[in-house]
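A quick write-up on the structure given underneath.
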Amino acid sequence: QLQLVESGGGLVQPGGSLRLSCAASGFTLDYYAIGWFRQAPGKEREGVSCISSGDGITNYADSVKGRFTISRDIAKNTVYLQMNSLKPEDTATYYCAAEGPLLLSRLCVLPRASYDDWGQGTQVTVSS
């Protein structure tokens, strides 16, 4: 059974940092791209970052470039999202999602429709 479980969310002040984790089970990251998405109340779910299967090439939304970093630990089957210089507009529920299995590695993409399986989400609140 394919499962994704997010953790690491919380309350942080503007300019602070958080590291989110996405623990995968029931599949290997070798053949799945993993994306991080977020959804604020009243807004559509948007892609934040993703890491491709195979070579693990990364992609970022313009709004988080230079502030967020996605990475993975193959041995732990876990993907991380390091979030620095957080802003109030980063406040949202953050979800990880999997696209695959992928026979051929491609640069991962951020549209929601590209992903098949989703975690439950973890709340991130950036406020003074």
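Only protein atoms count toward the accessible area here, which uses a 1.4 Å probe; on the chain, the carbon and sulfur part of that area reaches 48 percent. Here the Karplus curve 6.51 cos²θ - 1.76 cosθ + 1.60, taken at θ = phi - 60°, turns the phi angles of segment 119-124 into couplings of x, 7, x, 9, 7, 10 Hz, with x standing for Gly and Pro. Within segment 16-75, the percentage of alpha carbon pairs spaced more than 18 angstrom apart rounds to 39%.
For the chain, the relative contact order is 37 percent, taking Cα pairs closer than 8 Å that sit 6 or more residues apart in sequence and dividing their mean separation by the residue count. With only the Cα atoms considered, the chain has a convex hull volume of 92 Å³ per residue. For segment 61-108, trypsin sites (Lys or Arg not before Pro) are listed when DSSP marks them as loop and at most 16 other Cβ atoms sit within 10 Å of their Cβ; the list is Lys65, Arg67, Lys76, Arg106. The phi torsions of segment 29-40, fed into the Karplus equation with coefficients 6.51, -1.76 and 1.60 and a -60° offset, translate into couplings of 5, 4, 10, 10, 7, 10, x, 10, 10, 9, 9, 8 Hz, rounded to whole numbers, with Gly and Pro shown as x.
For segment 79-120, rounded, prolate or oblate, judged on the Cα gyration tensor with a ≥ b ≥ c (square roots of eigenvalues), a/c < 1.5 rounded, else prolate if a/b > b/c? Since a/c reaches 1.5 and a/b is larger than b/c, the shape of segment 79-120 is classed as prolate. Protein heavy-atom accessible surface, 1.4 Å probe, per residue over the chain: 51 Å². Under a model in which nothing but the beta-carbon of Lys, Arg (+1) and Asp, Glu (-1) is charged, segment 1-114 shows a dipole of about 140 debye around its Cα centre. Each residue of segment 69-79 is assigned a 3J(HN,Hα), and the resulting list reads 9, 9, 8, 9, 10, 4, 4, 8, 6, 10, 10 Hz, derived from the Karplus form 6.51 cos²θ - 1.76 cosθ + 1.60 (θ = phi - 60°), x at Gly and Pro. Applying a 4.7 Å Cβ-Cβ cutoff to the chain, no cysteine is left without a disulfide-compatible partner.
The values are calculated or read from the model by the stated rules, or taken from the named source; none is laboratory data. None of the values given here were measured: they were computed from a predicted structure. As a convention, Cβ positions derive from the backbone with ideal geometry for all residues, glycine included, and neighbour counts pool all protein chains shown. Protein only, heavy atoms only, side chains kept; ligands, DNA and RNA dropped before computing areas. Shrake-Rupley method; radii C 1.70, N 1.55, O 1.52, S 1.80 Å.
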